[in-house]
Amino acid sequence: GGDRSEEEEEEEEEEEEAKSPLGVGSSKGAVVMDFRDTFLDGAHVKAAFPNCHVQLLEEAGGEEEAPKKRLPFKLTFLPPSKGGQVSEAKEETKERVVAAGYSALNPGPYPQDQPKLNAVRFTPAQCEAIRSGMSKGLTLVVGPPGTGKTDVAVQIIANLYHNQPHQKILVVAHSNAALNDLFCKIMERDVLERHLLRLGSGVEKLAEFTQGRDFSKFGRVNFTLSRRQELLDEVQRLADSLEVNSGAVGYTCEGAAFFHLYHVTARREKFEQAMAKAFQDAGAGQQPPRGTVQRLFPFGDYFATAPAGAMWTGNGSEGGSERSDADCASGCLRHLDRLFAELADFRAFELLRNHRMRANYLLLKQARIVAMTCTHAAITRRQLVDLGFTYDTLVMEEAAQVLEVETVIPMLLQPAGDAALRGKDGGRLQRVVLIGDHHQLPPVVKNSALEKYSKLDQTLFTRFVRLGVPHVVLDQQGRARPSIAKLYSWRYLGALGDLPGVDPARDGAGSMYASANAGLLHEAQFIDVPDFMGRGESSPTAFFYQNLGEAEYVVATFMYLRLLGYPAQRISILTTYNGQKHLIRDVLNARCGGHPLFAGDLPRVTTVDKYQGQQNDYVLLSLVRTRAVGHLRDVRRLVVALSRARLGLYVFGRRQVFEGVYELKPALDQLFAKPTDLELVLGERWPLTSRKADNLDKSADALRKGSAEGEAALHTLKANGAVTELGTIVQSMLAIAQPQAQPQAAQEPAEALTEAPTAAAGPHAKGDEG
């Protein structure tokens, strides 16, 4: 009964952690982690740890069979061995990884019972990030554009959700768009819908991507009540199948709990005892007579609605066995366990009589993955602390875009003084996972003095990286063509490689990346735009920069692409200033709004700053400025601008302004190496083109010499008059596409693309985006 020594307490902690799938496996430093569906097969496990000695155990099928099987894996990480012969010295310096695959339990006979598995073949760097995120402590993940930061975050959350069933995960992001994207990907995994909760105003936008499902607090309350009634109906159907005459079975959760205890559990125990006796009587290595499991199973009538072939295999079917039938019966029993466990969670809703109390109960007790923005966390912190909100893991996306205080606030959303909520380490919060890219745009600070002299724009994520805190760098991108990725990969010291799916020179490249862009000679090009109607950039009001020539050129290019068959939703128009954004929208409405081929099918037009974290297949970028470089001199903004496109990037700007900028030379010199006049390939249709992405130079030479196959012909738009010439091409294509209809805003090609649209500045003057 006396005080124990520190050594005894440490030994006890190690023993307790060894019982957890994420705990310490032994006192020798072995760590056991359940990666579940992270790996696609045994070969993936070996490829995921190239600097370790990986051993696949026989449970995984052995060295020959395991690489071909899709199994969940438990990995044991062992430190390098200290003994051994000299010939084994290299192996001794490597960490050892023992991978044991195991067969997942039968989840049940219905399609909705089957788990939704991971389909991403994670790279070694991503696997290291997942391993670190599943461990206790701080994890920093630096993710360049297109390297799968969101996929890594989703896998970390999914693994912790299953491995730590009594813990809660808080998911935070800077913007609603990034948070909703992360939330949708979590929904696609094996996560129960009742355990998901989205707080904040962005939940309305989320409903557009979730078939109208409402994940707000009150939306989840309504879902819970309707789901409760569905489950009670299932319980009543189960009672009818068992011929239990009790009218209260399907009326309340309490009645269902008594029914489960006195009728379902009793029959289940009797069945399990009969099964054990049947297999015991059959003898070691033998099986009971065919049909034994099906005859003894007491819930056969209830599961008669299961899909054909999902139930019994032993009763006369080829390759069937009583053991497989016993496994199927176990899956059915697990289905029933989940049904009654879910009703047990809903029982409190019968006692809580108003929506607010139910919503708070759902937030505090039922939801296990709670998502909110940094702003919402700051606004509701006092309310959450007063409610007693607690969580064990914090996963923050876009950590390099938020202020230091916005990073700290989500860590303080739970009461710190209550000793009952603390863990052994003195606090409930066990893991903090920060994911971001400090080479992209920092948080916006309106006060320039605070930004420059107080370093207020330096995030906590950036501070940690600069101080040398250990972090994982994702080193392979799967978003953009290699030629586009080179425009910004230099910023990551050349360490950014390409996944096979985007590289046409490697096996496995997708069809989109293997083909050239129809109607356009280059995948990425800088298009020089001279003065239009004697005018370059303009500023109707202070810092409201516009460029009519670039706006007309960009819109004409969009119309050209649409008439080739490019879908509007695959094209994004970006610009570096708010004024240009509103001008482009006005030009789009004037040129396309009244035309039946374009009406209601316009692209998204926004600024580079607002588009961070998003991407599209084809991006048209307007740089606007013709007198000074402006805030594009910030290399981080250039990295964001150039990394939004997957298949095609076309930059419209004034070459003489940007070609001498030292900070931008590594990226823009690659674009200036190509002609700065827009080069079209007439006679092609999207997506049909015979030109291949890995053979663009030869096809370009053939087009210039006029020896290309088919009807394709090269047409170069010279800088002076390019807007009017492209307008003429668009009008001729419109005449072919719809010979009888004349668009309202295009009666004469030259006039159509030289008239300045109205409402250039008026109500839209809101200032510079930067």
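The values are calculated or read from the model by the stated rules, or taken from the named source; none is laboratory data. What you see is a predicted model, and the numbers here were worked out from it, not measured in a lab. Cβ atoms come from the backbone with ideal geometry, glycine included; neighbour counts cover every protein chain shown. Surface accessibility is based on the protein's heavy atoms, side chains included, excluding ligands, DNA and RNA. Shrake-Rupley method; radii C 1.70, N 1.55, O 1.52, S 1.80 Å.
Are any residues in region 347-370 in a loop (DSSP other than H, G, I, E, B) and either surrounded by 16 or more Cβ atoms within 10 Å (Cβ to Cβ) or under 34 Å from the mean Cα position of the chain (by Cα) (or both), and if so, which ones?
Initially, region 347-370 is screened for residues in a loop (DSSP other than H, G, I, E, B), giving 351-354, 367-368.
Passing the criteria: Ala367, Arg368.
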inquiry  = Condition first: touching a helix residue (DSSP H, G or I) at 6+ places or on another chain (Cβ under 6 Å) and loosely packed, with under 15 Cβ neighbours inside 10 Å. Now tell me which residues in region 650-681 satisfy that.
reply    = Glu663
request  = Identify the residue in region 378-396 that is open to solvent by 10 Å² or more (accessible area, probe 1.4 Å) and part of a loop (DSSP other than H, G, I, E, B) and, among all such residues, is farthest from Gln164 (Cα to Cα).
outcome  = Gly388
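Among the listed residues Leu413, Leu493, Leu429, Leu434, identify the single one that is among the aliphatic types (A, V, I, L, M), open to solvent by less than 30 Å² (accessible area, probe 1.4 Å) and at pLDDT below 95. Please lay out each step first, then the result.
Values: Leu493 fails: open to solvent by less than 30 Å² (accessible area, probe 1.4 Å); Leu429 fails: open to solvent by less than 30 Å² (accessible area, probe 1.4 Å); Leu434 fails: at pLDDT below 95.
It is Leu413.
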query = Going by the conditions given, is Asp475 among the acidic types (Asp, Glu) and out of contact with any Ser or Thr (no Cβ under 9 Å at 6 or more places or on another chain)?
reply = no
request  = Go through (1) open to solvent by less than 70 Å² (accessible area, probe 1.4 Å); (2) without any contact (Cβ under 8 Å) to a residue 40 or more places away in the chain; (3) of a type in the set (A, V, I, L, M, F, W, C); (4) part of a loop (DSSP other than H, G, I, E, B) and name the single condition Ala284 misses.
outcome  = (1)
request  = Could you check how many residues of region 592-629 are part of a loop (DSSP other than H, G, I, E, B) and among the β-branched types (Val, Ile, Thr)?
outcome  = 4
query = When residues of region 543-592 are filtered for being open to solvent by 10 Å² or more (accessible area, probe 1.4 Å) and either within 30 Å of the chain's Cα centre (by Cα) or closer than 26 Å to Val629 by Cα (or both), how many remain?
reply = 13
ask   = In region 235-264, what residues are open to solvent by 60 Å² or more (accessible area, probe 1.4 Å) and under 29 Å from Asp214 (Cβ atoms)?
value = Arg237, Tyr251, Glu254
request  = Could you tell me whether any residue of region 397-410 is more than 19 Å from Val203 (Cα to Cα) and touching a Cys at 6+ places or on another chain (Cβ under 6 Å)?
outcome  = yes
request  = Check every one of the helices (runs of 4 or more DSSP H) wholly within region 55-139 and list those with 1 or more residues that are at pLDDT below 95 and open to solvent by 40 Å² or more (accessible area, probe 1.4 Å).
outcome  = 62-65, 89-92
message = List the residue pairs whose Cβ atoms are under 7 Å apart, where the first residue sits in region 368-387 and is over 18 Å from Ala399 (Cα atoms), the second is among the basic types (Lys, Arg), and the two are 6 or more positions apart or on different chains.
response = Arg368/Lys168
task = Say whether the condition of being of a type in the set (Asp, Glu), over 22 Å from Asp531 (Cβ atoms) and surrounded by fewer than 22 Cβ atoms within 10 Å (Cβ to Cβ) is met by at least one residue in region 682-695.
result = yes
